Structure formats: structure tokens, C-alpha cells
1. Taking H placed 1.01 Å from N in the peptide plane, check which residues at least 5 places from Phe56 or on another chain put their amide H under 5 Å from its amide H.
2. I'd like the distance separating the alpha-carbon centroids of the range 94-125 and the range 16-77, in whole Å.
3. Quick one: which residues, 5 or more positions from Leu79 or on another chain, have an amide H under 5 Å from its amide H? H modelled 1.01 Å from N in the peptide plane, none for Pro or chain starts.
4. Along Cα→Cβ, 7 Å out, is where each label goes; now give me the distance between the ones at Asn169 and Lys68 in nm to one decimal.
5. For the peptides 158-164, 44-50, 175-181, what is the packing order when you average, over each peptide's residues, the other Cβ atoms within 10 Å and list the highest mean first?
6. At Leu134 and Gln51, where each label point lies 7 Å from the Cα along Cα→Cβ, what is the point-to-point distance in nanometres?
7. Once phi is turned into ³J(HN,Hα) by the Karplus curve 6.51 cos²θ - 1.76 cosθ + 1.60 with θ = phi - 60°, what whole-Hz value does each residue of the range 211-220 show in order, with x for glycine and proline?
8. Given the rule -39500 (n - 2.57) for each run of at least 4 DSSP H residues, summed and divided by the residues of the chain, what is its mean residue ellipticity at 222 nm, to the nearest 500 deg cm²/dmol?
Amino acid sequence: MNLKGAASELGLKTITNTILFKDLDKDFLPEIASQFIIEKWPAHTCSSCHQLRHKFHIIISGRLKVFKTDQKTGREFTLFLLGKHDFFDVITLIEECSHKLYYESLEDVKMLSTPILIVRRWLKQYPMLNQRLLPYLGKQLLSIEEYAVNHTLLEIPARLARLILKNINQESKKLEFINDLSNEEIANLIGSTRAVVNRHFQEFKNEGILKLGRKKMEVINLTLLIKKATNQ
């Protein structure tokens, strides 16, 4: 199989499992998949929305953080962690505008990409895509709303506990997606600093809530973690 054929096959498999395309008529999916190419970002590749404003991406594997940086202090705030089957940039897709966001691959990331003008054409051609896009946007808005409420009303330990609970697999009860992130990356997700997060992690460990290892975190007492999340 040539590289183009392999890319098209992987693209078809990926978009079939992506919320944006999965309910589309299967007769159209191969043609849509053929418009994507595969991109690979090595770990810690960073790019801005301005650089990517002409392209639309769907993640195949790996994690990507979406963040903003204060140029004066160097402080970061991570808006989203994107993973398999997530896509970006949605704002530029639906509204041709400029917003100052940055993307960084936390590990090697493989993704599909296509010109954003093509995706805009698909949105007009297939109304179903707009119906699938709205729940995804709603999920992101709820995430930002949750952050705003937590940041305003909760102390750091409760914010940290809620972040951990949010990333526990409901079937396996195992912590996923953030379990190997550095304390600095965790801090960026809850609006804190590495030193403060490190202190509270040690408290969680001493209280028997977490087991901490090198680039690995495990929840060992879910009941106590829930109490911490609810300020009890």
C-alpha cells in the first residue's frame, strides 16, 4: 500500500470514530478522509493559532495542550487537554478571527490535517456536521465554566481533587490522561503554581489518598478524594 493509500485508510478509521463525522452517510466518508494528510509533531512541539489558522486537525494519538501565556510573568494557563479524536481549532473554523492561543504536544502526537476552507465547505454541504459540532462546543464551554466557578469558589486542594476525579476512568476506576503529567502541567490546569501543587500532593499522599511515583500517580482512597473535592 502506498503512503497516500495508508493515510487515507487511517484517516477513514479516525474520522469514523470522531464525533464530528461518525453519523455522516458512510458513502461520503472515504471522500472526506481522502482530503486529510497525516502530520506528526514530536514531543514539545509548540505552535500558535496564528500559524495554524488555515488548517483543521484531528488527533489520532498523543496529547496536546491548548494554553495561553502571560508574556510579562511567563505564567501559563491550560484551557484544554486534547487527546485521541479531539479536533482543533474550532473557533477559527466557525468564525474567521484571530485569537492568541498556543498548542504544545506533551508527547509525540499524530494527527490528520486539512485546509480549514475545505471543512467550512463540508459544514455547508452536510448540515449534520453542524449538529455534531454543537455538542463538542458545549462540552468545551462547560469545561471553561467549571474552571471559572472552581477558581472563584474553591481552594486549591478542592480544585486539585476535582481535576483528579474528572480524569478517573469510570469503568476501571484508574486515573488516566493526567496521571503522568508534571506538577507544573497540573498547576497550569487549575490556576496554581508547581510549588503549591507539589505541597498539596504530598498532603494527599500523607492522608492516604494518592500513591505518588516517578511520573505516575494512583488514587488509593476514592472516598477521601471525594471528600476533599467537596471541601468536607
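1. Placed amide hydrogens put Thr114, Ile116 under 5 Å from Phe56.
2. 5 Å
3. Here Val66, Phe67, Lys68 satisfy the definition.
4. For Asn169 paired with Lys68, the spin-label model returns 3.4 nm.
5. Put in order of decreasing packing, that is 158-164, 175-181, 44-50.
6. For Leu134 paired with Gln51, the spin-label model returns 3.6 nm.
7. 10, 10, x, 5, 6, 8, 9, 9, 7, 10
8. The per-residue figure over the chain is -13500 deg cm²/dmol.
The values are calculated or read from the model by the stated rules, or taken from the named source; none is laboratory data. Bear in mind the structure is a predicted one, so any value in this text is a computation, not a measurement. Glycine also receives a Cβ, built like all others from the backbone with ideal geometry; neighbour counts cover every protein chain displayed. Just the protein is used for accessible areas: all its heavy atoms, side chains included, with ligands, DNA and RNA removed. Shrake-Rupley method; radii C 1.70, N 1.55, O 1.52, S 1.80 Å.
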